[in-house]
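This report concerns only the one structure given below.
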Amino acid sequence: VRTDVERDAIQRNVLISYTNTGVSFPSSRYTFDGLMNGLDVIAVTGFGADFKFKLYEGDPDKWKKGLISVAAFLANAMVESIQYDSCDENNWQDLDGRFAISNACGQEGYSYEDEECSLEFESSCPVVSSMEITAVNGPIGYRVPPPLQCKPGKDNAGYWDSSVGQVVQLAYSNVAGREDIEGCCWWGRGALQSRGPCSIGKINYYLGKKGADLGRDTIYPNIDFCQFPEALCASADDKNLRWNAGLFEYAERVQTYNVDGWNYDNELNKFIQQGMTTDDFITTVSRIVSRKCHTQGCSQLEVRMLDQRIRHFFMIINDIFEVPMLFATPNPTPNPTRRPTPKPTMTPTAEIQKTNPSQSSAMPSRDQSIISTDETNNDLLIPTTSNPPNYSDGLIKLEDNAASRKAYRLSPFLAASTLFLLTFLL
């Protein structure tokens, strides 16, 4: 049965996390059901906006493009969040084993709190210096830095010394020269690590309380993401919200991207026409996700772990979705329980890599199947992180939210317009 094969392949090869020593384990925060619920809300049902995550359903020649879009989204999510099994951004940038606590303000030289929207979008979140938040999760492993945090005050935040496993309270700055953590509450969260007052403001406008206050039917009308951005990871619906935020960001910022001659739909069509073997499409999509621009050199930094994103993408479209085969054969009869054509290479052939995922040399090439059926190490000890912050006035209660009513319901994709896609995802 194809549904079982596809679901198992995604769980074993996409929704996989790693400790800081490279030991793999099934992600607990990014689940298959959560992904399906997210696609139901952001791609099918909608969230009260005039756009959705494009699955290109309803057209027998276009629905396969939806599979490629899902693959590109997942390939980036695997690097940004799934590999860490964390909703919150990790403190990962160090110098000789010293991790600046002020990395909460921005890593790689960024200042997250300064990432505001352009004038045509006036719903960026205000940066409030009195805000105090601690991330609900952080890195997994031995002597790893604590979860990111922000709090008032201009005192030096110090650094985490991994050699001794503790915070050293000495003046120490991040790459951007920041030493304190006042107002630094805008680190990345969710599947694509949505960050900054602009991105969080858009989530609040399209999915949260800001939109509801303006009379729109949003899915989280009671959550003010600007007042408490950690709600993306700490709400009662967090298992779905982390997917919803990432899918929304991909739909709003990537699939609508049309700048200086680069148009998402046009480039997706070009990728298909060129035989789905070139790196150009996934490379540029990854650059838009992580650097918010599309041309090489548009940012002083190239895409982090780009090789991994590319390998993940081709693994998903070739070994899991088998997209090239679908374009080479007539459209199958809509029947989610049968495979259009048996393909022997779907048989498990390689063990999930138990090496540090940051080492691209450890990843298989796009021509190698990495479908695996090896049992997960059930004895793996996953350390706990700090407790979630206290919520005032029931900020995160979702009894009246549409998302709460959908929480455990798998998406009704078997409607005629989406039946083809469900052959491969459900």
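The values are calculated or read from the model by the stated rules, or taken from the named source; none is laboratory data. As the structure is a computational prediction, the values presented were derived from the model and not from experiment. All Cβ positions, glycine included, derive from the backbone under ideal geometry; neighbour counts span all protein chains shown. Ligands, DNA and RNA are excluded from the accessible area calculation, which covers all protein heavy atoms including side chains. Shrake-Rupley method; radii C 1.70, N 1.55, O 1.52, S 1.80 Å.
Ranked by the mean number of other Cβ atoms within 10 Å per residue, highest first, peptides 203-213, 144-154 order as 203-213, 144-154.
Accessible area per residue for segment 81-168 is 45 Å², calculated with a 1.4 Å probe on protein heavy atoms, without ligands, DNA or RNA. Expressed as a whole percent, the accessible area of segment 157-255 that falls on carbon and sulfur atoms is 45 (1.4 Å probe). Taking each of K52/K202; K54/K202; K151/K239; K202/K292; K65/K270; K64/K270 in turn, the alpha-carbon distance tops 20 angstrom for K151/K239. Working ranking of peptides 4-11, 180-187 by packing, defined as the average number of other Cβ atoms within 10 Å per residue, highest first, is 180-187, 4-11. When both segment 80-139 and segment 15-49 are represented by their alpha-carbon centers, they are found 21 Å apart.
According to the Cα-based calculation, Rg over Rh for segment 18-57 is 1.22, with Rh computed by the Kirkwood formula.
If N is the number of residues in segment 2-97, what value comes out of its Cα radius of gyration divided by 2.2 N^0.38 Å?
1.27
What the phi angles of segment 5-14 give under the Karplus curve with 6.51, -1.76 and 1.60, with θ = phi - 60°, is a coupling list of 5, 5, 4, 5, 5, 5, 5, 8, 10, 10 Hz, glycine and proline written as x.
Mind ordering 262-269, 78-85, 251-258 by average Cβ neighbours within 10 Å, highest first?
With the highest mean Cβ count within 10 Å placed first, the list reads 78-85, 251-258, 262-269.
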